[in-house]
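Notes follow once the structure below has been shown.
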Amino acid sequence: MLIGHGSLKSASGGAMIRLAARLREQGVAPVAEAGFLNYSRPTLTEAIEKCVGLGVERLFVQPYFLIDGVYVQSDLAGEIAGHVARWPGVHFVTGRSFGDHRLMSAIALERVRAVDPSLGWARKEAALLLMAHGTPDAAANAPLQRIAGQLVVTSDYCRVTVAYLDCNVPTIPAAIDDLVAQGATRLVALPYFLHKGRHVQDDLPRLLALARQRHPDMEITEAAELGYDLRLAELIAERAGEMGM
């Protein structure tokens, strides 16, 4: 069962639901469903009830999250604990978030290549900015820094920087200002988000528009979010295998 955060832009969760269907088609598990912690449907409870109704006795929960931040460590863990008590006949196993898996950097690189085929080679002053959400548990962001390190190796950007929408530093505006101060004249900004929710549709474009006003001489190009990608199904199948599925 895939569990994501959910969004006020409810349609944004479609990629995760499609991946659950793909996992069923691939036979990764006889039952593969998706649910959300907040805002979107089916809810986590609805997804679990469906699985139990189908006779599931061992349920692998895959956090559909980039890192093991507060939502995974606290919110999801608390919800699952409640369902463990509710369904004593079902064995729940929770896997790891996507983290710094090699496929995540491969997907990120492809999104960047779609807007900059040279991956920074054509302009030595080009920089890459990974725009992430942020979490109150700053240590949970370590996989993002490792993803950035992988992208340093696989691209030719003069700098690869991670910046945050909330909770952590550097903030996205501060990171852009710093890159300009260091001499960057072109920026590829990658929304390092799984869903095209409110942050990707509204907040990040607004921050980039303000950055263009502050730095009119800098060329800023926004890549697409990570979104739907069949390599995520491969990653999820690998995580399920780690848990003995």
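Under 8 Å between Cβ atoms, at least 6 apart or on separate chains: pull out the pairs that start in the range 137-158 with a residue that is hydroxyl-bearing (S, T, Y) and end on any residue that is part of a helix (DSSP H, G or I).
As it stands, the answer is T154/S105; T154/L109; S155/L109; S155/V112; Y157/L151, since those pairs meet every condition given.
Please go through the range 133-181 and give me each residue that is under 18 Å from D203 (Cβ atoms) and among the aromatic types (F, W, Y), ordered by number.
If the condition is that a residue be under 18 Å from D203 (Cβ atoms) and among the aromatic types (F, W, Y), then Y164 is the only one that fits.
Looking only at the range 2-28, which residues are touching a Phe, Trp or Tyr at 6+ places or on another chain (Cβ under 9 Å) and aliphatic (A, V, I, L, M)?
The answer is L2, I3, L8, A15, M16, L19.
Looking only at the range 33-60, which residues are within 28 Å of N141 (Cα to Cα) and crowded, with 22+ Cβ neighbours inside 10 Å?
E33, A34, G35, F36, S40, L44, L59, F60
Which of the strands (runs of 3 or more DSSP E) found entirely inside the range 57-151 contain at least 1 residues meeting this: modelled with pLDDT of 95 or more and within 30 Å of R186 (Cβ to Cβ)?
On the way: elements: 58-63, 91-94, 126-132.
Passing ranges, in order: 126-132.
Would you point out the residue of the range 173-190, among those that are more than 20 Å from A138 (Cβ to Cβ) and touching a strand residue (DSSP E or B) at 6+ places or on another chain (Cβ under 6 Å), that is surrounded by the fewest Cβ atoms within 10 Å (Cβ to Cβ)?
Here is the first cut: in the range 173-190, the residues more than 20 Å from A138 (Cβ to Cβ) are 176-177, 179-190.
Now restrict to residues that are touching a strand residue (DSSP E or B) at 6+ places or on another chain (Cβ under 6 Å): 179, 184, 186-190.
On the way: L179: 26, A184: 24, R186: 20, L187: 26, V188: 24, A189: 25, L190: 25.
Here the residue is R186.
Under the condition of being without any contact (Cβ under 8 Å) to a residue 24 or more places away in the chain and of a type in the set (G, A, S), which residue from the range 159-185 is nearest to M104 (Cα to Cα)?
Among those that are without any contact (Cβ under 8 Å) to a residue 24 or more places away in the chain and of a type in the set (G, A, S), it is A174.
Among the residues of the range 215-233, are any within 18 Å of L66 (Cα to Cα) and exposed (fewer than 14 other Cβ atoms within 10 Å of the Cβ)? Even if it seems obvious, please write down each step before you answer.
Narrowing the range 215-233 to residues within 18 Å of L66 (Cα to Cα): 223-233.
Next, only the ones that are exposed (fewer than 14 other Cβ atoms within 10 Å of the Cβ) stay: 230.
Yes, that holds for at least one residue.
I'd like to know if the range 150-172 contains one or more residues that are outside the structural domain of T185 (by TED's automatic domain parsing), in contact with a His (Cβ under 8 Å, 6 or more places away or on another chain) and surrounded by fewer than 18 Cβ atoms within 10 Å (Cβ to Cβ).
No - not one qualifying residue is present in the range 150-172.
The values are calculated or read from the model by the stated rules, or taken from the named source; none is laboratory data. In this text, all values refer to a predicted model and were calculated from it rather than measured experimentally. When we count neighbours, we look across all protein chains shown, and the Cβ atoms used for this are built from the backbone with ideal geometry, even at glycine.
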